[in-house]
1. Against the definition (outside the structural domain of PHE20 (by TED's automatic domain parsing), closer than 30 Å to PRO275 by Cβ and surrounded by 12 or more Cβ atoms within 10 Å (Cβ to Cβ)), how does GLY93 come out, yes or no?
2. So which strands (runs of 3 or more DSSP E) stay within the range 191-252 end to end and still have 3 or more residues that are assigned by TED's automatic domain parsing to the domain that holds SER179 and acidic (Asp, Glu)?
3. Kindly provide the set of residues from the range 15-26 that are part of a helix (DSSP H, G or I) and aromatic (Phe, Trp, Tyr), ordered by number.
4. For the range 364-395, give me each residue that is part of a loop (DSSP other than H, G, I, E, B), surrounded by 11 or more Cβ atoms within 10 Å (Cβ to Cβ) and without any contact (Cβ under 8 Å) to a residue 40 or more places away in the chain.
5. Can you tell me which residues in the range 321-348 are without any contact (Cβ under 8 Å) to a residue 24 or more places away in the chain and assigned to a loop (DSSP other than H, G, I, E, B)?
6. Of everything in the range 396-415 that's part of a loop (DSSP other than H, G, I, E, B) and not aliphatic (A, V, I, L, M), which residue is nearest to LYS354 (Cα to Cα)?
7. Which one of the conditions (1) over 30 Å from SER82 (Cα atoms); (2) surrounded by 17 or more Cβ atoms within 10 Å (Cβ to Cβ); (3) not charged (D, E, K, R) does GLN361 fail to meet, given that it meets all the rest?
8. Restrict the check to the range 115-124 and report whether at least one residue is touching a residue at least 40 places away in the same chain (Cβ under 8 Å) and of a type in the set (D, E, K, R).
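The values are calculated or read from the model by the stated rules, or taken from the named source; none is laboratory data. Keep in mind that what you see is a predicted model, and the values were worked out from it rather than measured. Virtual Cβ from ideal backbone geometry, glycine too; neighbours counted across all protein chains shown.
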Amino acid sequence: MAYKNELWMFDAPCWRHLDFHKAISCFRRLLDEDGLSSVLTTSEYREVYRLLLGNPDIRQEVDIEPPPHCLNLRDGTLDLLSMELYPHDPEDGFFTFLDLNFADIQASNEGQTFEAFVSQIGNCDRAIRQQLLELVALAVTGYEAKVFYVLLGESGTGKTQFGRFLEELLGRKNVESLSGVHDFTNRFTTSALEGKLLATCLDLPDEPLPFIAVGIIKQFVGDDPIKVEAKYKNSHTIYHKPLLLFAGNHPIRIPNISKEQALLNRMVVIPFSNPVPVQEQTPKLYELLLKDAPYIVAQAIQAYRQLYQRNFAVTRVPLPDEYAPQDGREGYQAVTQFVSDCCLFQADREIATKSLYLAYQNYADKNSLATISQIEFARKLSDYLQTRPGVTSCKRVRNGARGYQGIGLRDEWSL
């Protein structure tokens with residue numbers, strides 16, 4: 001098959017890419033059956049390759065879409081809704097497969113490493129276990145549920161190990177590992193994600209997401225196709241996008257977060273708890289998780305079927321305050337910290353914005369926090385308090401000044 005200016009050969013369980021060198025090996029094997037492998041020169045093989053790419057009888061012009069809700073395995077293709085396994089079929093258009101047998105998945109009845117890991121990081125919370133299984137399910141099937149995942153927790157909680165497990169389960173050629181979220185600011189990065197099942201960045205820095213990266217991430221989890229550009233090649237459009245997986249030790253900081261509700265709706269945070277001391281950590285835990293792969297995939301299949309019944313509404317859990325998304329603008333975190341430490345939320349309270357700013361200056365000086373102008377303070381405070389129920393802005397409070405109802409200073413911070 002000639003597809004997207006490349007040559008492909010179906011070799012069950014999936015279609016495999018034939019570059020020029022692989023194609024020569026294939027041609028020679030065919031000719032060798034009649035003792036003719038040395039008849040053609042390299043330039044003649046190259047011409048055969050070129051003619052095949054241009055052959056209208058094998059050219060595929062339309063984008064290939066494998067059947068939905070199916071999992072391509074080593075020994076057949078599994079319909080995840082009927083749970084029937086059928087023989088590999090080139091017409092299905094699979095370019096990848098999961099390197100497991102259905103028989104092994106069916107026979108798996110225990111996954112001690114996985115279950116112990118989940119209990120450790122999730123405090124035996126079944127919802128967090130479900131989140132991890134849904135993550136695996138969406139990654140192995142390639143179904144686009146229009147979400148991306150973030151694993152958050154202290155160092156030593158196993159975030160990177162689980163991410164590495166998922167990368168190895170899918171196979172390295174099906175995964176693109178990003179060195180950092182700033183890679184999204186490079187216009188050529190998106191082309192490297194074409195044809196991948198998963199894109200990972202497992203070491204997020206403690207800094208705001210770049211504005212450009214926020215836009216690219218929203219494109220990848222949205223409905224629309226994406227235009228990509230590789231070096232020295234013309235740009236083109238891709239319709240199938242990989243699942244994005246991030247991991248870090250700090251909350252996601254998003255510039256101007258109050259205007260990024262669409263991004264927040266697509267983000268699924270899985271909290272990782274209970275860090276393990278270095279001396280007690282299991283070396284290469286991901287390898288032990290891989291031994292549980294048949295069991296984990298069996299459980300993920302059940303999670304996928306449940307997702308299907310819920311129209312792919314993914315599982316979410318309440319987040320500890322320390323891992324809730326934050327505004328990435330300079331000084332915003334200091335303002336929210338000030339409100340948390342110095343203010344009370346009560347219906348009968350009211351206070352002028354200027355009074356809050358004077359208290360903030362005192363608080364910031366004592367805690368070495370960012371110094372910002374009264375105008376910047378008022379803007380950041382307004383953005384934050386819009387997220388707090390029961391607090392309303394008022395044109396006139398005490399002494400005729402602008403301020404808020406439903407909030408006041410704690411006694412120790414009153415001026």
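1. no
2. In the range 191-252, there are no strands (runs of 3 or more DSSP E) which contain 3 or more residues that are assigned by TED's automatic domain parsing to the domain that holds SER179 and acidic (Asp, Glu).
3. PHE20 - this is the single residue of the range 15-26 that is part of a helix (DSSP H, G or I) and aromatic (Phe, Trp, Tyr).
4. Matches in the range 364-395: LEU369, THR371.
5. Result: ASP348, single match.
6. Applying the filter and picking the extreme gives ARG402.
7. The number of the failed condition is (2).
8. Scanning the range 115-124 turns up no residue that is touching a residue at least 40 places away in the same chain (Cβ under 8 Å) and of a type in the set (D, E, K, R).
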